[in-house]
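What follows is a set of notes on a single structure, which appears directly below.
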Amino acid sequence: MNKDNKKPIVEVYNALCHRDPSWRNPKMYPKFKTLFDAWRTVELRHKIHSHLFYTISWKRGWLPKADFERFSEYAMQ
């Protein structure tokens, strides 16, 4: 996949930290994983991708640009 189409998942976490300083606490990172899992559940319900796609995306640390935008929008609500 083209590097221009890849977006690191951690950018959403950084945006949350910038918006709300309480996210900077290291104990909040597991809550970020929970947030990702909740978004994944919504995406699976809408049959966007398979369960395996989201598991692999989390492990490799990036999402395609279109998926990243949807996750970012979901997280920043």
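The values are calculated or read from the model by the stated rules, or taken from the named source; none is laboratory data. A quick note: this is a predicted structure, and the numbers were derived from the prediction, not measured. Here the Cβ positions follow ideal geometry from the backbone for every residue, glycine too, while neighbour counts run over all protein chains shown.
So which of L52, L44 ends up being loosely packed, with under 11 Cβ neighbours inside 10 Å, more than 11 Å from the chain's Cα centre (by Cα), assigned to a helix (DSSP H, G or I) and modelled with pLDDT of 95 or more? If you could, list the steps in order and put the result at the bottom.
Working: L44 fails: loosely packed, with under 11 Cβ neighbours inside 10 Å.
One residue alone meets the criteria, L52.
Looking at region 16-68, which of its residues are touching a residue at least 60 places away in the same chain (Cβ under 8 Å) and not aliphatic (A, V, I, L, M)? Selection gives P64, K65, F68.
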